[in-house]
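Enquirer: Starting off with a structure, shown below.
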Amino acid sequence: MELQHFNLFNELDVAREDYTLKVRIIRLWRKPMFRNPTETYSIELILLDEEGNRIQASVLNRFFNRFEQFLNEGVCLIITKPQLGSNISKYKYIDNKLKVCLNFSTHVVRCNNFNGHMYGFVMTPYSEILNCIVPDNSSIASYMLSYFYFLLIRLINSLKYHLPIQFFY
């Protein structure tokens, strides 16, 4: 049996259409119709590849019957021949210039062996945060926490000389 090659999001190019993506749906919501908010215009998705890259995806309402059974948060999918386009939306949920659309030529199946992150961000060990070591692939929360810790230590050190309080840390 031949191993199937899956494309990562950083390999995508709008000039090609023969991609096979292995993804996890990390977020899903319904976008209402502009003139009739009780009807759904599209299902919007945030997809995650096995390297931790994210991309926004859409399924228009005319394709709901074909794909809706596969669309749940946390599910791993293999998507073949999706349509790619520029993400020209006014509100970008992901810092990716491309957007994936599932259409009539797209084929989707479930898979059980996704090797990427579960939620789309990398956790940084607390010891690294305390030492102000923030890896390149860590989330902004880890960076903010290490910076906050740095400022707190600086504040404590500056207060030591002005207040008659003994600090233990």
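Enquirer: Can you list residue pairs whose Cβ atoms sit under 6 Å apart, with the first residue in segment 24-45 being closer than 30 Å to N113 by Cβ and the second being in a strand (DSSP E or B) and among the polar types (S, T, N, Q)? Count only pairs 6 or more apart in sequence or on different chains.
Expert: Hits for this filter: R30/T40; S42/S58; E44/S58.
Enquirer: Right, here's the next one. For segment 39-52, check the following and say yes or no: at least one residue is among the hydroxyl-bearing types (S, T, Y), within 13 Å of K22 (Cα to Cα) and part of a strand (DSSP E or B). Break it down stepwise before answering.
Expert: Narrowing segment 39-52 to residues among the hydroxyl-bearing types (S, T, Y): 40-42.
In the following step, the residues that additionally are within 13 Å of K22 (Cα to Cα) were identified as none.
No; the residues of segment 39-52 include none that is among the hydroxyl-bearing types (S, T, Y), within 13 Å of K22 (Cα to Cα) and part of a strand (DSSP E or B).
Enquirer: So, one more: Check D136, D49 and return the single one that is modelled with pLDDT under 80 and within 18 Å of F9 (Cβ to Cβ). Give the steps one after another, and end with the answer.
Expert: Working: D49 fails: modelled with pLDDT under 80.
Selected residue: D136, the only one of D136, D49 that is modelled with pLDDT under 80 and within 18 Å of F9 (Cβ to Cβ).
Enquirer: Pull up segment 6-29, narrow it to residues that are in a strand (DSSP E or B) and under 23 Å from S105 (Cβ atoms), then point me to the one that is modelled with the lowest pLDDT. Outline the logic, then answer.
Expert: Initial filter on segment 6-29 (in a strand (DSSP E or B)): 7, 20-29.
Those still in the list that are under 23 Å from S105 (Cβ atoms) too: 7, 20-25, 28.
Details: N7: 87, T20: 93, L21: 94, K22: 93, V23: 94, R24: 94, I25: 94, L28: 94.
My answer is N7.
Enquirer: Further question: Only one of these is assigned to a loop (DSSP other than H, G, I, E, B) and within 20 Å of A15 (Cα to Cα): I79, I55, I88. Name it. Before you say what the answer is, go through the steps one by one.
Expert: Numbers: I79 fails: assigned to a loop (DSSP other than H, G, I, E, B); I55 fails: assigned to a loop (DSSP other than H, G, I, E, B).
Among I79, I55, I88, only I88 is assigned to a loop (DSSP other than H, G, I, E, B) and within 20 Å of A15 (Cα to Cα).
Enquirer: Which of the residues that make up segment 16-47 are within 19 Å of S89 (Cα to Cα) and either among the aliphatic types (A, V, I, L, M) or not assigned by TED's automatic domain parsing to the domain that holds F104 (or both)?
Expert: L28, M33, I43, L45, I46, L47 - these are the residues of segment 16-47 that are within 19 Å of S89 (Cα to Cα) and either among the aliphatic types (A, V, I, L, M) or not assigned by TED's automatic domain parsing to the domain that holds F104 (or both).
Enquirer: Pairs only if they're at least six apart or on different chains, beta carbon under 8 angstrom, first in segment 87-109 and outside the structural domain of I55 (by TED's automatic domain parsing) and surrounded by 15 or more Cβ atoms within 10 Å (Cβ to Cβ), second in a loop (DSSP other than H, G, I, E, B) and modelled with pLDDT of 80 or more; list them, first residue then second.
Expert: From residues that are outside the structural domain of I55 (by TED's automatic domain parsing) and surrounded by 15 or more Cβ atoms within 10 Å (Cβ to Cβ), there are no pairs.
Enquirer: Tell me, yes or no, whether segment 59-72 has at least one residue that is modelled with pLDDT under 90 and in a loop (DSSP other than H, G, I, E, B).
Expert: no
The values are calculated or read from the model by the stated rules, or taken from the named source; none is laboratory data. Because the structure is a prediction, the values reported are computed rather than measured. Neighbour counts are summed over all protein chains in view; Cβ atoms, including those assigned to glycine, are modelled from backbone coordinates with ideal geometry.
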